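Visitor: Let me give you the structure first, and then I'll get to my questions.
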């Protein structure tokens, strides 16, 4: 396993890795924090749903479908468009980059299509989502 | 979903519908097995996006099958049910009988049908589309293991690693499809290839649903055949609603291979599924093929509802 950032909760992360490995039929050591879910791990669109299902069951959370993009769109509360003809606007890209800090900012390049956003997802993206949803659930209760 | 019960036996298979799970039809093999096809009350979109609800629907459907048949030996997952809720794994945790997805039977039929076409055409090269999926990868691995020159359509580091591991070459879907006279379309989503990507004279064995090809004019001499049909076993009884079910699916004389997986599982008294989860386990294909053969099941090349003899491909 490659070195994890210091802020990562190992117990949670290991469960996230297990979910990925089970969903994709991989060995756990093939899944790293920075792995690109589609390109590096070979996930299909259906796999993303399966991964979400396994994370929900494992952590007793509900992952909103399209949640990351929805949050980024809602952050543009001044009426600026998030995308035009399926291509992210500069503000849309910046909003997404803010919402997914684990993805290097330069990957939100000009011309990026909204359907290509999933190509940028890392294992770290799902780990962060899990941690945030667990924290929100704890706060709510 | 399909539930099966042996000889005294029972089977359960599935589709999606509305409302509570309900029996669509009964199917049986004379004196050997009884099965029911049960609908699960979710449309595709909510089925995919609320997989917990899909799981609960499947659990209820198993009970419907059990009650309808007075017992249950095996469950098969049809259509989208095979790819949700951990691809059978989550349902298996909730029920006390084997849950099998149908992927081994589909892969077996696709491989045997592809070999029949390759051999009659005297071809050694095959292209497999949908390499990221369970069936696509299984087909590529099996054809490669039998000595065929396999090119797969896909991209990305994971695909490169897997292709290298299996000894197959990797190209774009268009590049792969255009470079072989025999193409197996096994993507999980369908609609991934424009017809003009195929060379004239290509035979496309299609397993994808929706179909592999996007709408458009096909090049001359392109033949599209069903890639995962099996001939109905001797003694197959379908009754009135079963006849309707056949009309709405694969015709009156054949069935999707995946339908047969829980039936074979039940009839041979096997306790472990042939397929569950993302990857086929080593030996799954061979196990299913052997068991299917003992029951007289054979894959079938088909165009629509009709059987096509491989030799017909030589004459166009």
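Visitor: Check A:59, A:53 and return the single one that is modelled with pLDDT of 95 or more, under 29 Å from residue B:54 (Cα atoms) and within 14 Å of chain B (Cβ to nearest Cβ).
Guide: A:59
Visitor: For the subset of region B:276-291 comprising residues that are in contact with a helix residue (DSSP H, G or I) (Cβ under 7 Å, 6 or more places away or on another chain) and more than 25 Å from residue A:42 (Cα to Cα), which member is nearest to the other protein chains (Cβ to nearest Cβ)? Walk me through how you get there before you give the answer.
Guide: Let us first name the residues in region B:276-291 that are in contact with a helix residue (DSSP H, G or I) (Cβ under 7 Å, 6 or more places away or on another chain), namely B:276-280, B:284-285, B:288-289, B:291.
Retained after the next criterion (residues that are more than 25 Å from residue A:42 (Cα to Cα)): B:288-289, B:291.
Numbers: B:288: 18, B:289: 21, B:291: 23 Å.
Only one residue tops the list, namely B:288.
Visitor: Now a separate question. As an exercise: evaluate residue B:157 against (1) surrounded by fewer than 18 Cβ atoms within 10 Å (Cβ to Cβ); (2) on the phi < 0 side of the Ramachandran plot; (3) within 19 Å of the chain's Cα centre (by Cα) and give the number of the one condition it does not meet.
Guide: (3)
Visitor: Those residues that are surrounded by 22 or more Cβ atoms within 10 Å (Cβ to Cβ) and within 7 Å of chain B (Cβ to nearest Cβ), I need them from region A:39-48; list them, please.
Guide: If the condition is that a residue be surrounded by 22 or more Cβ atoms within 10 Å (Cβ to Cβ) and within 7 Å of chain B (Cβ to nearest Cβ), then A:41, A:42 are the ones that fit.
Visitor: Specify which of the listed residues (B:102, B:31, B:71) is over 20 Å from residue A:65 (Cβ atoms), more than 12 Å from chain A (Cβ to nearest Cβ) and at pLDDT below 85.
Guide: B:31
Visitor: Please go through region A:1-24 and give me each residue that is surrounded by 13 or more Cβ atoms within 10 Å (Cβ to Cβ) and in a loop (DSSP other than H, G, I, E, B), ordered by number.
Guide: A:4, A:8, A:9
Visitor: Related question: Out of the residues in region A:1-21 meeting the condition of being under 27 Å from residue B:160 (Cβ atoms) and at pLDDT below 95, tell me which one is nearest to the other protein chains (Cβ to nearest Cβ).
Guide: Selected residue: A:2.
Visitor: Identify all residues within region B:158-188 that are assigned to a strand (DSSP E or B) and more than 14 Å from chain A (Cβ to nearest Cβ); write none if there are none.
Guide: Scanning region B:158-188 gives B:169, B:171, B:182, B:183, B:184, B:185.
Visitor: Which numbered condition trips up residue B:294, out of (1) surrounded by fewer than 16 Cβ atoms within 10 Å (Cβ to Cβ); (2) under 20 Å from residue B:25 (Cβ atoms)?
Guide: Going through the list (1) surrounded by fewer than 16 Cβ atoms within 10 Å (Cβ to Cβ); (2) under 20 Å from residue B:25 (Cβ atoms), residue B:294 breaks only (2).
Visitor: Any residue that is within 14 Å of another protein chain (Cβ to nearest Cβ), more than 20 Å from residue B:183 (Cβ to Cβ) and either modelled with pLDDT of 95 or more or surrounded by fewer than 24 Cβ atoms within 10 Å (Cβ to Cβ) (or both) - is there at least one of those in region B:76-85?
Guide: Yes, region B:76-85 contains a residue that is within 14 Å of another protein chain (Cβ to nearest Cβ), more than 20 Å from residue B:183 (Cβ to Cβ) and either modelled with pLDDT of 95 or more or surrounded by fewer than 24 Cβ atoms within 10 Å (Cβ to Cβ) (or both).
Visitor: Scanning region B:242-254 for residues that are surrounded by 20 or more Cβ atoms within 10 Å (Cβ to Cβ) and not in a helix (DSSP H, G or I), which turns out farthest from the other protein chains (Cβ to nearest Cβ)?
Guide: The selected residue is B:254.
Visitor: Let me ask something else about it. Which residue is nearest to residue A:36 (Cα to Cα), if the candidates are limited to region A:108-118 and must be surrounded by 13 or more Cβ atoms within 10 Å (Cβ to Cβ) and out of contact with any strand residue (DSSP E or B) (no Cβ under 7 Å at 6 or more places or on another chain)?
Guide: A:118
Visitor: Also, quick follow-up: For the subset of region B:255-275 comprising residues that are surrounded by fewer than 24 Cβ atoms within 10 Å (Cβ to Cβ) and either touching a helix residue (DSSP H, G or I) at 6+ places or on another chain (Cβ under 6 Å) or within 21 Å of residue B:130 (Cα to Cα) (or both), which member is modelled with the lowest pLDDT?
Guide: For region B:255-275, the residue satisfying everything is B:256.
Visitor: Something else: Just one of (1) away from every other protein chain (no Cβ under 11 Å); (2) surrounded by fewer than 21 Cβ atoms within 10 Å (Cβ to Cβ); (3) modelled with pLDDT under 95; (4) touching a strand residue (DSSP E or B) at 6+ places or on another chain (Cβ under 8 Å) trips up residue B:123, so point out which.
Guide: Condition not satisfied by residue B:123: (3).
Visitor: Is it the case, given these coordinates, that residue B:179 is closer than 25 Å to residue B:108 by Cβ and at pLDDT 95 or above?
Guide: Against the criterion (closer than 25 Å to residue B:108 by Cβ and at pLDDT 95 or above), residue B:179 does not qualify.
Visitor: Out of everything in region B:138-157 that is at pLDDT 95 or above and within 14 Å of chain A (Cβ to nearest Cβ), what residue ends up being nearest to residue B:256 (Cα to Cα)?
Guide: This residue is B:138.
The values are calculated or read from the model by the stated rules, or taken from the named source; none is laboratory data. Please read these numbers as outputs of a predicted model, since none were measured by experiment. Positions of Cβ are generated from backbone atoms using ideal geometry, with glycine treated the same way; all protein chains shown enter the neighbour counts.
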